[in-house]
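What follows is a single structure, written as structure tokens, with notes after it.
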Amino acid sequence: MKNIHTNLYYIIFCAILLATFTGCQENNAQDQTFTSELQSVRKLVLARMTVSKMAAIDDISLSEAKGLRQTASAILASIKPGTRRAAYSYDTYLRAYINLDQLSDADIQVSNNGKNTDIYLPPITIEYVGRDIGIREDHYRVTGLRSEIDAAERARLKEDMNSVLKEEVRHNPMFAERLKEEAQRKARVYFKAWGEKHGTDIRIHFKN
């Protein structure tokens, strides 16, 4: 009778061990399936931002002039009748994304019953994705004997605006913070829907 009880306990123990091992195998397989599917998305773009910049072209004044050339231009402008002033603006574009191809199996952890999944996402990346080809003319007034504003002046102005704008974005954390907040919000919405499709509740964690 003792041997029967011992054998019964042994069988039960083996069954529990086998079920646990099988469950671990199934979870590992599910982790790998989830990882492969998300990696195939590669770059997940979550938020975009348009940043506008405005600048003006005006004749330089004597007080602002530097060097002989600018001083001569300022003197000439001061004796010419009329006005010469124009305002231009243009947009540049930023976006926030996550590189899902950086995910590994260790970043996706499925619970034993498969009902909950923790995903540890790569950091959100922000990049420039282009700018307007031309600049918008918001104001233009050239009167009297003043010369028209030519294409070369507008091209120089655009490059100056672009440099200033990039410096402002780099030094002002507000732009990156707003983009990241929006990206995180949309990431939660995206993965909630993705989890529902796979029958699991997703919990998102953002790596620093």
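Residue by residue, here is whether (1) touching a Cys at 6+ places or on another chain (Cβ under 7 Å); (2) open to solvent by 60 Å² or more (accessible area, probe 1.4 Å); (3) among the basic types (Lys, Arg); (4) over 30 Å from LEU100 (Cα atoms) holds:
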| residue | (1), (2), (3), (4) |
| --- | --- |
| ASP118 | no, no, no, no |
| HIS139 | no, yes, no, yes |
| GLU148 | no, yes, no, yes |
| SER163 | no, yes, no, yes |
| ARG170 | no, yes, yes, no |
| ALA176 | no, no, no, no |
| LYS180 | no, yes, yes, no |
| LYS207 | no, yes, yes, no |
Problem - Within the range 87-118, tally of residues that are in contact with a His (Cβ under 7 Å, 6 or more places away or on another chain) and in contact (Cβ under 8 Å) with a residue 60 or more places away in the chain - result: 1
Problem - Where TYR140 falls short, out of the listed (1) part of a loop (DSSP other than H, G, I, E, B); (2) at pLDDT 90 or above - result: (1)
Problem - Top-ranked residue in the range 190-208 [being among the hydrophobic types (A, V, I, L, M, F, W, C) and more than 18 Å from the chain's Cα centre (by Cα); ranked as farthest from ILE119 (Cα to Cα)] - result: ALA193
Practice task
Could you tell me whether ARG156 is at pLDDT below 90 and basic (Lys, Arg)?
Solution key: yes
Practice task
Name the single residue, out of those in the range 84-112 being crowded, with 16+ Cβ neighbours inside 10 Å and among the basic types (Lys, Arg), that is nearest to the chain's Cα centre (by Cα).
Solution key: ARG95
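Which one is nearest to LEU157 (Cα to Cα), of the residues in the range 120-137 that are open to solvent by 20 Å² or more (accessible area, probe 1.4 Å) and not in a strand (DSSP E or B)?
For the range 120-137, the residue satisfying everything is ILE135.
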Exercise for the section: Return only the number of the condition from (1) outside any strand (DSSP E or B); (2) at pLDDT 70 or above; (3) in contact with a strand residue (DSSP E or B) (Cβ under 6 Å, 6 or more places away or on another chain) that THR71 does not satisfy. Expected result: (3)
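Residues that are outside any strand (DSSP E or B), open to solvent by 70 Å² or more (accessible area, probe 1.4 Å), under 21 Å from SER36 (Cα atoms) and not β-branched (Val, Ile, Thr): does the range 152-161 have at least one? Break it down into steps so the answer makes sense when it comes.
Going residue by residue through the range 152-161, those that are outside any strand (DSSP E or B) are 152-161.
Now narrow it down to the ones that are open to solvent by 70 Å² or more (accessible area, probe 1.4 Å): 154, 156, 159-160.
When the remaining residues are screened for being under 21 Å from SER36 (Cα atoms), the result is none.
No; the residues of the range 152-161 include none that is outside any strand (DSSP E or B), open to solvent by 70 Å² or more (accessible area, probe 1.4 Å), under 21 Å from SER36 (Cα atoms) and not β-branched (Val, Ile, Thr).
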Exercise for the section: State which residue pairs qualify: first residue closer than 15 Å to THR35 by Cα and inside the range 184-208, second residue of a type outside the set (A, V, I, L, M) and not in a strand (DSSP E or B) in any location, beta carbons under 7 Å apart, and separation of 6 or more residues or different chains. Expected result: THR200/GLY114; THR200/LYS115; ILE202/PHE191; ILE202/LYS192; ILE202/TRP194; ILE202/GLY195; ILE204/ARG188; ILE204/PHE191
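The values are calculated or read from the model by the stated rules, or taken from the named source; none is laboratory data. Predicted, not measured: the structure shown is a model, and the values here were computed from it. Here the Cβ is made from the backbone with ideal geometry for all residues, glycine too, and neighbour counts use every protein chain on show. Surface areas here come from the heavy atoms of the whole protein model, side chains and all, with no ligands, DNA or RNA. Shrake-Rupley method; radii C 1.70, N 1.55, O 1.52, S 1.80 Å.
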